[in-house]
Amino acid sequence: MNGHPSLESPADETARLRDEMEQLRTALEGAVEDNIRLVEDRDRLRGRVTMLARELQAANAAYAAAAAPRDAPQPDILARAETLSQSEEELRVAFEELQVLTEELEATNATLHSANRDLDAKVAERTREIASANAALRISETSFRAIADVVPDLLWRADNTGQITWCNSRWYDYTGQGLQAALDAGWINALHPDDRDPTRAAWTAAVNSGETFQRQYRIRHRSGDHRWFLARAEPLNDGRGRVSQWFGAITDVHELIQLQDRQAVLLAELRHRTRNLMAVVETVIRKTLASSKDIPEARGRIEERFGSLARVQGLLSRRPTGGRVSFDALLSDELAAHVPLTDDPATSQVSLEGPAGIELRSTHVQTLALALHELTTNAVKYGALAHPGGRLTVGWVVREVAAGERRLVVNWRETGVPDMPPANPDTARGGGYGRQLIERALPYQLGATTAFGFADDGVHCTIELPLPAPDRPGEPAYV
């Protein structure tokens, strides 16, 4: 595959060396066979020369014996002489052939010795090369393993069939698998059960195609917890363009995925809050304009109500990830914007009584904040907080309605207000929009139950609204 690095593997180096050794061995065997053949021919020729020499010796002896008596028949002597002459000629020819074979044998032996020297030299040279390559490989392998154990990633190597042949120490430290348990296909057992089959199929497809492997999956920690990782592997080609092995790295992306999930939740909440806020702003402007005598009065009321919205947006922004705004924080934030809050009952006109940390539904916070704002501004302008002897007491409790269902009950009580009007206090106290918000908007938008009335010495208001279920961890925080 183009674009991938190439490297001659140890198996290819061994195969090349084996081919060279086979060629030398074949040449040496051929020279040895030629030498054996020449030796056999020489031995046969020596045997023939020996036989001829014996025959010639016997002929000479016979010739000498025949020549001694002068009365021997002349034809017999001539025949023996002729036989002796033929044997001498054959012996001479045999000696010449023996000389030729001896020369050939010496040449062949010289060639054989030369081939042996060449073979010894090549073997020594290749031995030195292999020793040097092995030493460099050991140094490289040691350096690679040292680097592989330093990096924070989980590293691995596989052969061209996709079987894992090596993992760095961080894999074993993280998963707790034994040295052999992760090899071949054993690494798949460290994955989350839901990720094993899809990952195995993706890895098999990458090995078959020779393409880059990349996938996210969860790996079990030795403690039993699972974390998200990103795995990526590249094929390594040999000198002939074939995949010889794979190198892979596995990076911990658990926090990144959590941040991505959190970002998705925050974007959903932002869209939800923006829609709600725009609807609230539109309602505030329209209702305020309808209940104001002129533009300056409308401007002042709108600024006050937008200030309340700004404060509640600040509370929503400052809450922890996945957390909610508590009722006591919302109430204290609104009251503190208008009157000082102290723990000394002798100097403070405000008394707050209720458990801390009662979390509200995020969709209820803006509308409830506007209702508390209307009650507070009414108390500051006309009610208990507008008179030195007035006092405001706000109490709240949590009521269990049914299994898993809770409701917050808020009791707003003002006392010490002189000259309370006997009837129709809405327009006289400037509470037209506030009372509509409490008696109509809260029940309609929040599913609340409300009551708003005037006692002889001040306003009395109760609000009962549902709370988020504590046993629903999957419920978004903006609900």
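Quick note: the coordinates plus some simple rules give every number you see, no bench work behind them. In this text the structure is predicted, and so the values were computed from the model without any measurement. As a convention, Cβ positions derive from the backbone with ideal geometry for all residues, glycine included, and neighbour counts pool all protein chains shown.
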Work out from phi, with θ = phi - 60° and the Karplus expression 6.51 cos²θ - 1.76 cosθ + 1.60, the ³J(HN,Hα) of each residue of segment 161-175, listed in order in whole Hz, and give x for Gly and Pro.
9, x, 7, 5, 10, 7, 10, 6, 5, 5, 4, 5, 5, 6, 7
Sort out for me the Cα centre separation of segment 159-215 from segment 446-463, rounded to whole Å.
66
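Going highest first, how would you order 218-224, 228-234 by mean Cβ packing within 10 Å?
Details: 218-224: 14.0, 228-234: 18.6.
Packing order, densest peptide first, comes out as 228-234, 218-224.
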On full extension of the chain, what length is gained from T165 through T393, given 0.36 nm per residue of separation minus the C-alpha to C-alpha distance?
74.6 nm
With each label point set 7 Å from Cα along the Cα-Cβ vector, what nm distance links R286 and A268?
2.9
A correct Karplus calculation of ³J(HN,Hα) over segment 434-448, with 6.51 cos²θ - 1.76 cosθ + 1.60, θ = phi - 60°, whole Hz and x for Gly and Pro, returns x, 5, 4, 4, 6, 8, 10, 5, 4, x, 6, 8, 10, x, 8
Name the residues whose placed amide hydrogens come within less than 5 Å of the amide hydrogen of H221, ignoring near sequence neighbours (fewer than 5 apart) on the same chain.
H226, R227
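Report the extension gain between T363 and M278 in nm, rounded to one decimal, defined as 0.36 nm multiplied by the number of residues separating them, less their alpha carbon distance. List each step's numbers first, then the result.
Values: separation 85, 0.36 × 85 = 30.60 nm, distance 1.33 nm.
Separation in residues times 0.36 nm, less the Cα-Cα distance, equals 29.3 nm.
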Full extension between A131 and D456 adds, at 0.36 nm per residue less the Cα distance, a length in nm of 106.3 nm
Using θ = phi - 60° and the Karplus curve 6.51 cos²θ - 1.76 cosθ + 1.60, what whole-Hz ³J(HN,Hα) does each residue of segment 108-113 get, with Gly and Pro shown as x?
5, 4, 5, 4, 5, 5
Skipping prolines and chain starts, which residues have an amide H placed within reach, meaning under 5 Å, of the one on V325, given they are 5 or more residues away or on another chain?
L360
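So for each of 356-369, 181-194, 373-386 I average, over its residues, the number of other beta carbons within 10 Å; can you give me the resulting order with the highest mean first?
On the way: 356-369: 19.6, 181-194: 16.1, 373-386: 21.7.
Going from most to least packed, we get 373-386, 356-369, 181-194.
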